[in-house]
Amino acid sequence: MSFTTRASQDQRSAGAALLDDDQRLHELGYPRKLSRRLTWFDNFAVSFTIINIIAGVFTGFGVGFGAGGPRTLVWGWIVVSTLILFVGMAMAEVCSAYPTSGALYYWAAKLAKRHNAAWSWFTGWLNFAGQIAGTAATDFAAASFINVLIGVESPSYSPTKYTTLGIFAVILLVHALANTYTVKLVGLLNRISVWWLLVGALIITAVLVFKPSHHQSASFVFTQFENQTGFSSGLYATMIGLLSISWVFTGFDASAHLTEETSSAALSAPRGIVRSIAYSGIGGFVLLLALLFSVQNYGNEAGSGTGFASAQIVLDAVGGGLAKLLLLIVIGALLFCGMANLTSNSRQIFAFSRDGAIPGSRLWHSVNPRTGTPVKSVWFAAVGAFILVLPSLWSTVAFTAVVSVNVIGLFGSYAIPIFLRLRRGEEFEAGPWNLGKWGKPVALIAVIWVVISSLVFLLPQANPITAHNFNYAPLALGVVLLISAVWWFVTARRTFNGPISYGTPEELAALENELI
């Protein structure tokens, strides 16, 4: 077969996939407004980048390091990553059936047997809160690590809460500008980020294996228990320690939010969800072990002035220019993660406002005709993330609280359509990617885990409880839910009917042909 013939067949296959994607989108009630330029790898790359093993392990490490210690981190990683894979598989099955950018709130509306609009409304608002918090937490962590690197380079540098907030604002601005331009640019940066993560994780692991003059024993890594939470209960400390692991595995719904920009979406997006969790689980575990074996002085690193035990381990175990290189790799991973978070966040806002569920909906679901991107939704997400981080000016646990909102909001919105899919039973019409007879038991395990983990995230994380270490996650999440509940009962229950159908498949196809 000649190269020309093979290329022609590839083009025809891509064209057929594009037609099938658009046909399915029309069946779901939507016209195509976004540019469908992302490949299966681009779709996977976004979720893999948001999960981000380097960013997740390095930023959340300190919580588990002090709440349960190495034992909780190691065995907790194995258990939690497996349970979250169940959540991802259950979600992927629903995604394959309904490949639309609305994703979770759309699925809830279609799967509910009654009160469809209410299920859709609250699912969408939980996801909205989680998405905003994900962008905020990642970029705030990036700002904090930049502070650490500057401090290592210039010992006289003394970061303040104001400098951290300023760096955070600049990062948000850069990410918003990057997302303002074409989908191709976002896809390119996400492809680069996958290789940054893979190569970066290999470099960090290799350096931590070969550079330190001293490594901890296997007994320390796999059995050492520590409790610096202030609570006397070891079980309670262990539960708090699991928070850091749960946060690593958030944001994989990004693959679902990008279905309207992905070719062969009913297969590519579900695979993107599952692969991103599985590969991150394996890679992250290796990176976690490398850090734990490299611990030099537990007390010094757990109480590090950098604010991150992981950063202090790198400085103690490696030191010099090599330590700066590793910190730079972590910062790069965080920046890629924050950008991908904002991409997913803006698409959720675009889809949710398209169905009239956000104040000023007409404004937020508009698409720039030149770039094919929801520019105004991008800036809405950026401003929301900035507002959520403002409590860092007076709270010492602001980062942990934002992480809690992120995890509860996202996993809560994941669990609702999975729960409704369970209630559907045999009535659920699976898409081309499905679990067959295993669909129900996987979904049941997923829902149980989300309920338990969400309750843990609302608990106090330090004792004694003061105004400075108070976990304001219940308050922040409560405000969002209160606003959505009041709005629902006052007006929305009469005006919001769930996802809007813009016409029959034939009408939508004809409309798009007129616009071409």
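Residue check: is residue 445 more than 25 Å from residue 128 (Cβ to Cβ), in a helix (DSSP H, G or I) and not charged (D, E, K, R)? For residue 445, the condition - more than 25 Å from residue 128 (Cβ to Cβ), in a helix (DSSP H, G or I) and not charged (D, E, K, R) - is met. Kindly provide the set of residues from the range 449-491 that are assigned to a helix (DSSP H, G or I) and of a type in the set (S, T, N, Q), ordered by number. Across the range 449-491, the qualifying residues are 453, 454, 484, 491. Residue-level analysis places residue 435 outside the set of residues that are modelled with pLDDT of 75 or more, more than 22 Å from residue 108 (Cβ to Cβ) and not basic (Lys, Arg).
If only residues of the range 461-497 that are over 14 Å from residue 408 (Cα atoms), modelled with pLDDT of 80 or more and small (Gly, Ala, Ser) are counted, the one that is most open to solvent (accessible area, probe 1.4 Å) is 485. Evaluate the following for residue 208: is it of a type outside the set (Phe, Trp, Tyr), within 26 Å of residue 314 (Cα to Cα), open to solvent by less than 10 Å² (accessible area, probe 1.4 Å) and under 17 Å from the mean Cα position of the chain (by Cα)? No: the conditions fail for residue 208. Residues in the range 225-237 that are open to solvent by 40 Å² or more (accessible area, probe 1.4 Å) and not in a loop (DSSP other than H, G, I, E, B): 227, 235, 236. The test for being part of a helix (DSSP H, G or I), open to solvent by less than 40 Å² (accessible area, probe 1.4 Å) and over 26 Å from residue 35 (Cα atoms) holds for residue 329.
Of all residues in the range 337-367, count the ones that are of a type outside the set (A, V, I, L, M, F, W, C), free of Cβ contacts under 8 Å to residues at least 40 places away in the same chain and on the phi < 0 side of the Ramachandran plot. Total meeting the criteria: 6. Identification of helices (runs of 4 or more DSSP H) wholly contained in the range 256-324 with 1 or more residues that are under 25 Å from the mean Cα position of the chain (by Cα) yields 265-293, 309-317. Scan the range 245-284 for residues that are of a type in the set (Asp, Glu) and within 15 Å of residue 190 (Cα to Cα) and the total you get is 1. For the range 29-56, the tally of residues that are at pLDDT below 80 and touching a Phe, Trp or Tyr at 6+ places or on another chain (Cβ under 7 Å) stands at 3.
The values are calculated or read from the model by the stated rules, or taken from the named source; none is laboratory data. The model shown is predicted, which means the values in this text are computed figures rather than measured ones. Positions of Cβ are generated from backbone atoms using ideal geometry, with glycine treated the same way; all protein chains shown enter the neighbour counts. These area figures cover heavy atoms from the full protein model, side chains too; ligands, DNA and RNA do not enter into them. Shrake-Rupley method; radii C 1.70, N 1.55, O 1.52, S 1.80 Å.
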